[in-house]
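Take a look at the structure below.
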Ligand SMILES: C[S@@+](CC[C@H](N)C(=O)[O-])C[C@H]1O[C@@H](n2cnc3c(N)ncnc32)[C@H](O)[C@@H]1O
């Protein structure tokens, strides 16, 4: 922590002498002991107000050399340091103030802002919360906390904090701007457009990406209101010079509307999109999923087309936006039971996110995937002994007794009935081999095709399908975010009998 040197007595006395000579009412601004610290404080505030930050710092420091236990002076010093961009010193000063008076909400607010600017998230979050505990009516603290939670992708909490801030201070345009973005994530499209409009009214300009989001929000809301074709027709006019390709708008409308449970509107968009390209396997399958048509697995031509297209953005989308880290969570569980594998299989290896986790656990690692685009990314990443383009069950059926670990992170979600795959996996494993897998959790006892196009399974279904296995361990954890909300998942570790 940066230390702060207070001036010695001779400097302070010289300053006080100057002050006494220059201020006719000097006698009126000393404390009850006749100390001139209050006079110095006032002088410091005047310097600060007039932008003479260095002189203000010297003056507050001189006052502190007389009364080093004055929390207000330390807070003033922190304030002026902060105003002049010297955040490390501001942090030290405000901590000193709080050590003397820990019940001052204003001081916690300063600590929070300084911590926030220094990217010290833990300090900032704790200080915002303490500010609010001491003064629940502090709009800046609610807003600061909301923006911090926004950055941490804790969207629901962020929304609550930003709303609390607006309730206390309805004319802060920045808060409405943040509310617009958070409302979009929460699928409140009408609220999103309203908040952006309010931000503009409060003189916060919208950047091009935000203007695009506003146009999307208005379009999606019109679709939810039952005007799908009209909304697509009106889009260009609403977006003006910020307009995006209408095909991308329709594609994203479909996925946003289905993920947010607006299935009627999503189905209508899906029908229009399929009518444009009746042979497109992705459009057909996803419409089937939204319409709740029953299926036992996602068709291979859908998987291939979808993931070939998605491959270049996959890592960034999954790890950054969707907070996906199943490979690490699964590998940590495997290690608890066994390492030193002879031959490991990453089933549905995708871009190879699991490679770095699996490599240390065994001698050789095969990756299998149906998508050439995903395999190309996995090859670029490295870490596999071999990469094979094949359909998972077909591959397993040809790999008798070859593996002692099969690792399937987020790939069984493309199978409905798991029995054929489990059976084939048992054949590909040597006795005693492990099968680590993740699923999205379904209520009930079977499996269900979700509007997202992914299947969810119950533990009962896994148990019923895994006739050649014993369950070593299961644990529940969120798999990823979907429309800003966590998707509940289950990790299962099986041992081949
Ligand atoms: C969501 S990604 C997960 C990729 C990787 N396991 C990970 O954790 O990042 C699902 C992968 O499974 C593959 N996949 C889905 N169904 C498959 C099948 N029947 N046969 C082979 N690969 C399949 C997809 O191509 C895709 O790469």
Folded to 0 to 90 degrees: helix 155-168 orientation relative to the chain principal axis, Cα: 30
Translational diffusion of region 9-201, µm² s⁻¹ [Kirkwood Rh, Cα pairs; Stokes-Einstein; 4 °C; 1.567 mPa s]: 71
Rg over Rh, two decimals, region 305-496 (C-alpha only, Kirkwood Rh): 0.93
Distance from region 420-441 to region 358-383 (C-alpha centre basis), Å: 18
Hull-based mean projected area of region 136-267, where the convex hull spans the alpha carbons, in square nanometres: 7.9
Protection proxy ranking, peptides 149-157, 279-287, average beta carbon neighbours within 10 Å, highest first: 279-287, 149-157
Along principal axes, Cα extents of region 208-276, largest first, whole Å: 29, 24, 17
Residues 77, 147, sorted so that the one with the fewest Cβ neighbours within 10 Å comes first: 147, 77
Computed lengthening from residue 460 to residue 118, 0.36 nm per intervening residue step minus Cα-Cα distance: 118.2 nm
Tilt relative to the chain, helix 228-239 - C-alpha long axis, 0 to 90 degrees, to 10: 40
Rel. contact order, % - alpha carbon contacts under 8 angstrom, at least six apart, region 208-276: 31
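Can you give the relative contact order of region 9-201 as a percent, counting alpha carbon pairs under 8 Å and 6+ residues apart? Intermediate results must be reported in sequence, preceding the final value.
Numbers: 253 pairs, mean separation 18.9, N = 193.
Relative contact order, region 9-201: 10 percent.
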Label-point separation in nm, residue 441 to residue 152, each point 7 Å along Cα→Cβ: 2.2
Antiparallel bridges, percent of DSSP beta bridges restricted to the chain (to nearest 5): 55
In nm, spacing of pseudo-spin labels at residue 135 and residue 394 (7 Å Cα→C-beta vector): 6.8
Helical contribution to [θ] at 222 nm, DSSP H n ≥ 4, -39,500 (n - 2.57), averaged over the chain, rounded to 500: -17500 deg cm²/dmol
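Sequence gap at least 6, Cα distance under 8 Å: using those rules, report the relative contact order of the chain to the nearest whole percent.
Relative contact order for the chain comes out at 8 percent.
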With Cα atoms, 0 to 90° folded angle of helix 263-276 axis to the chain main axis: 60
For the chain, diffusion coefficient by Stokes-Einstein and Kirkwood Rh (Cα), 37 °C, 0.692 mPa s, µm²/s: 122
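The numbers here are math on the coordinates, done by the rules we state, and not lab data. These numbers come from a predicted model, not from an experiment. All Cβ positions, glycine included, derive from the backbone under ideal geometry; neighbour counts span all protein chains shown.
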